[in-house]
Amino acid sequence: METANPSNTIPLERLPTHEIEGTSFYVDINSQALIETTDITNTIPFSDMKDHGTHYSMCYHSEYKNFPCQLDAVEDIININIPPLLILDSEGMAKKYGVTIENLKNKTDLEFLNPNYEGFMERVAGILPHIDIAGQDFIIDLNLKELRLAEDAFVKLEFKDFEIGSFDGDFAYHFLYDTKLQKLVGNESSKDVIRVELLNLLYLDPVGLARRNGHEDSAYIRDYPIEKNLKATTYTSPLDVKKHSNKQTFDHDITPRKRGKRL
């Protein structure tokens, strides 16, 4: 995976352009967006388009010069295809990632724009992500809805037993875990009990979540790349925490928030 050089930025007026239905847009590989040349406040992020590998597609409203709103008339909306950034600005991509234009051939945007493309390909091949919980290695298995101890498959922590949300609002799940007994517990009566907090499924396994929601493997991967060395947040000091009656229902559809005007 090539690493981008953040100093390789180019002023807008020197960027290549791409025309959509008579409107010219700058191709900005740094923000990964199309920016209207006569109104730089109007931007179309590539992450909001559908990435087909060979091209992007989007619904386009010629008046907005952007994605349509949900209530817009169908006759005002057209489907368009956009070439990948590797084609729209080959020279800029080659310079940004320190490769030759020849190296860009037969590659996709995802290979360059994803900070952990190798991890993504491993996940697509079936290698499940892992997470460290207080030094113990767990496998994240969304199909079975559990965290499974890597060295002992009989030690399982099920998502249905996790509490939803966190005490400060930054985490999707939390639970009390006995590191010695290797199981969930209901109170902190032992010095071996810790509080564990996990981020939401988009961070834990974006590929697994995409599959569960009926999307392509790469649906969330650009905004939520496969994390290297995932580690749960843990607290070992005694905490006076009220028990939450709410339990996370795992089958609740979790999808990332949509940006812009995308349908």
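In this structure, the amide hydrogen of Asn114, modeled 1.01 Å from its nitrogen in the peptide plane, lies closer than 5 angstrom to no residue at least 5 positions away or on a different chain. Element breakdown for region 38-161 at a 1.4 angstrom probe: carbon and sulfur atoms account for 51% of the accessible area.
The residues of region 109-167 have, on average, 47 Å² of accessible surface per residue, using a 1.4 Å probe with all protein chains present. Here each label is just a point 7 Å from Cα along the line to Cβ, and for Val155 and Asp137 those points are 1.2 nm apart.
Pairs exceeding a 27 Å alpha-carbon distance, out of Lys107/Lys145; Lys50/Lys228; Lys160/Lys180; Lys191/Lys231; Lys160/Lys228: Lys107/Lys145.
Sequentially through region 47-64, phi angles give Karplus couplings (6.51, -1.76, 1.60; θ = phi - 60°) of 5, 8, 8, 8, 8, 9, x, 7, 6, 10, 10, 7, 8, 10, 9, 5, 7, 6 Hz, Gly and Pro residues having no value and appearing as x. Other residues with beta-carbon under 12 Å from the beta-carbon of Glu227 carry, at +1 per Lys or Arg and -1 per Asp or Glu, a net charge of +1.
The values are calculated or read from the model by the stated rules, or taken from the named source; none is laboratory data. On a predicted model such as this, the values are computed, not experimentally measured, just so you know. Positions of Cβ are generated from backbone atoms using ideal geometry, with glycine treated the same way; all protein chains shown enter the neighbour counts. Please note that ligands, DNA and RNA were not included when accessible areas were found on the heavy atoms of the full protein model with its side chains. Shrake-Rupley method; radii C 1.70, N 1.55, O 1.52, S 1.80 Å.
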